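Colleague: Before I ask anything, here is the structure I am working with.
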Amino acid sequence: MTPATRCAALLALLLCSGVQADDWQLAKDEDGIQVYLDQVPGSKYQRFRGVTQIKASVSTLSDLQENLRVACKWLYGCATMRLLDVEGDSTWVYLTTDLPWPASPRDMVIRVQTERTDDGGLVRRLSAVAGKVKRAPGLIRVSQLKGLWTLIPKGDQLTEVTYQLQAEPAGDIPSWLANQFVIDAPMVSLRTLRAVAERQGVREEDDAP
């Protein structure tokens, strides 16, 4: 195991084996999905972590993330998503948002760094980057964002999925909307991804010889 792979595996284990730090607080537990929140020093916005188990393979879930047209349909708040560039294990994606009123539309360029672990899992690290796309009129550019997706195989086509994100949305966001977003974003995203992935898994079983 290389040092990079060992680091990725350790990171995935820490993220997906439950709440490891005292700061994370369970905010919602519904329909097999747990959402944890944590205060971010120096920010008025909380970060979130959503965890669930999905009856689908890591490969199926990875494909549903990499198919951007499909991914935008299950990712909460996504209006459009398109590929900008690929270099090695990094992918750059341009995303625009569609959030409830009174939030204004936003856009961002996200670098996605993908690492595979020795147990067949996957870690995707997300970070907002400057450049790549000029700022568009009428859209607020999000320039501070970091997050993680982890996919950990649990056997028998079962995968533990964690979605974690911290962002400074820029512009004014009402506190009630910000508080609702950190619950809805992981809850809706994971619930919808699970539904799409499990339907995909059924189709793959039906198509198998």
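Computed from the coordinates by the stated procedures, all read-outs in this text should not be read as laboratory data. No experiment lies behind these values; they were computed from the predicted model shown. Every residue, glycine as well, gets a Cβ built from its backbone with ideal geometry; the counts of neighbours run over all protein chains shown.
Colleague: Order of 194, 199, 141 from fewest to most other C-beta atoms within 10 Å?
Modeller: Listing 194, 199, 141 from fewest to most nearby Cβ atoms yields 199, 141, 194.
Colleague: Karplus couplings for the stretch 27-42 from phi (6.51 cos²θ - 1.76 cosθ + 1.60, θ = phi - 60°), rounded to Hz, Gly and Pro as x?
Modeller: Couplings: 9, 7, 9, 8, 6, x, 10, 10, 10, 10, 10, 8, 6, 9, x, x Hz.
Colleague: Using only the alpha carbons, work out the radius of gyration and Dmax of the stretch 26-100 in angstrom.
Modeller: Radius of gyration, then largest Cα-Cα span, for the stretch 26-100: 15.2, 38 Å.
Colleague: Moving on to the next point. Just rank 189, 104, fewest to most, by other beta-carbon atoms within 10 angstrom.
Modeller: Going from sparsest to densest Cβ surroundings: 104, 189.
Colleague: Efficiency by 1/(1 + (r/R0)^6): what FRET value for residue 154 and residue 177, r their Cβ-Cβ distance, R0 = 35 Å, to the nearest 0.05?
Modeller: Once the sixth-power term is evaluated, E becomes 0.50.
Colleague: Show the residues, 5+ positions off or on another chain, whose built amide H is closer than 5 Å to the amide H of residue 89.
Modeller: HN-HN under 5 Å from residue 89: empty list.
Colleague: Only bridges whose two residues both fall in the chain count here: according to DSSP, what percent of them are antiparallel, nearest 5?
Modeller: 95
Colleague: Here's another thing I want to ask about it. Give me a comma-separated list of calculated 3J(HN,Hα) values for the stretch 46-63, in order, Karplus coefficients 6.51, -1.76, 1.60 applied at θ = phi - 60°, integers in Hz, x for any Gly or Pro.
Modeller: 7, 9, 10, 9, x, 9, 7, 10, 10, 7, 6, 6, 4, 4, 4, 5, 4, 4
Colleague: I've got another one for you. Given labels modelled 7 Å from the Cα in the Cβ direction, how far is it in nm from residue 26 to residue 55?
Modeller: 2.3
Colleague: With unit charges on the beta carbons (Lys and Arg positive, Asp and Glu negative) and the dipole taken about the Cα centre of the chain, which residue among 77, 186, 57 sits farthest to the positive side?
Modeller: My answer, from the dipole projection, is 77.
Colleague: Take the alpha carbon atoms of the chain, find their radius of gyration, then divide it by 2.2 N^0.38 Å using N residues; give the quotient.
Modeller: Cα Rg divided by the expected 2.2 N^0.38 Å: 1.01.
Colleague: Taking the Cα centre of the chain as origin, sum charge times position over the Cβ atoms of Lys and Arg (+1) and Asp and Glu (-1), and report the length of that vector in debye to the nearest 20.
Modeller: Using Cβ point charges on Lys, Arg, Asp and Glu, the chain gives about 760 debye.
Colleague: Let me ask something else. Expected output is a single nm value to one decimal: the length gained when fully extending between residue 198 and residue 135, i.e. 0.36 nm times separation in residues minus the C-alpha distance. What is it?
Modeller: That pair, residue 198 and residue 135, stretches by 19.0 nm at full extension.
Colleague: Helix-only estimate, please: 222 nm mean residue ellipticity of the chain, summing -39500 (n - 2.57) across DSSP H runs of length 4 or more and dividing by its residues, to the nearest 500.
Modeller: So the calculated ellipticity at 222 nm is -10000 deg cm²/dmol.
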